[in-house]
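Each remark here refers to the structure printed beneath this line.
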Amino acid sequence: MASPRARVVPLPRKAASALPHYELRARRLRGSDMALEIWQLPASATPHVRQPTYVAGLHGRNLSLVEHRLLRRLKAVRIDLNDLPVIDALRVPIDEELAINLGLLFRALAPMRNRDHMAAVAAGIEAMRKEEAGYWLGMAMHRKHPRRVLMALRFLLIDPAH
């Protein structure tokens, strides 16, 4: 993903505070396909992070099924992915709340195949507060069996009537 021609949008001055730093990386794949990834960057608030750390990513069919939701949320924070160049990768700093929520969304949706269940999980994660999403993402990233954690989350968010 590290391209020498990647466009980097500089961090605003207020982001140099004692908060963790996150970055959204987007790149265009073949055709109209796109790949989105969330990375945690080194910051004074996270001394254990010494190099950029991959949090989650989504591409292909699963991304296209929730792309309208993502574009709406990213547009609200003034990130436009519609004119993404074919060669370049876009790197945009994002706030902690959005990064945690998108990271959890990407991890939960990546292995899923059922469209109805994906919509239910996406809606449930989108409605989560920062603390709840942070809890689930931390469990999914740092547990011995993260797939079990994500499966439990999916069970909780999918309506059994469907």
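Give region 44-60 a look and list any residue that's under 25 Å from residue 81 (Cβ atoms) and either polar (S, T, N, Q) or in contact with a Ser or Thr (Cβ under 9 Å, 6 or more places away or on another chain) (or both), or say none. 53, the sole residue that qualifies. Under the condition of being loosely packed, with under 11 Cβ neighbours inside 10 Å and of a type in the set (A, V, I, L, M, F, W, C), the residues counted in region 48-78 number 1. Just one of the listed residues (127, 122, 99) is under 17 Å from the mean Cα position of the chain (by Cα) and within 15 Å of residue 24 (Cβ to Cβ), namely 99. Of all the criteria given as (1) surrounded by 13 or more Cβ atoms within 10 Å (Cβ to Cβ); (2) in contact (Cβ under 8 Å) with a residue 40 or more places away in the chain; (3) not hydrophobic (A, V, I, L, M, F, W, C), the one not satisfied by residue 116 is (1).
Just checking, does region 126-136 include any residue being among the aliphatic types (A, V, I, L, M) and assigned to a helix (DSSP H, G or I)? Checking region 126-136: at least one residue is among the aliphatic types (A, V, I, L, M) and assigned to a helix (DSSP H, G or I).
The set of residues in region 52-81 being touching a strand residue (DSSP E or B) at 6+ places or on another chain (Cβ under 9 Å) and of a type in the set (S, T, N, Q) consists of 53, 64. Would you pick out the residues in region 91-120 that are of a type in the set (A, V, I, L, M), outside any loop (DSSP other than H, G, I, E, B) and within 17 Å of residue 59 (Cα to Cα)? If the condition is that a residue be of a type in the set (A, V, I, L, M), outside any loop (DSSP other than H, G, I, E, B) and within 17 Å of residue 59 (Cα to Cα), then 99, 102, 104, 105, 108, 109, 118, 119 are the ones that fit. The residues of region 7-25 that are among the hydrophobic types (A, V, I, L, M, F, W, C), at pLDDT below 90 and under 20 Å from the mean Cα position of the chain (by Cα), listed by number, are 8, 9, 11, 15, 19.
The values are calculated or read from the model by the stated rules, or taken from the named source; none is laboratory data. Values in this document were obtained by computation on a predicted structure and should not be read as measured data. All Cβ positions, glycine included, derive from the backbone under ideal geometry; neighbour counts span all protein chains shown.
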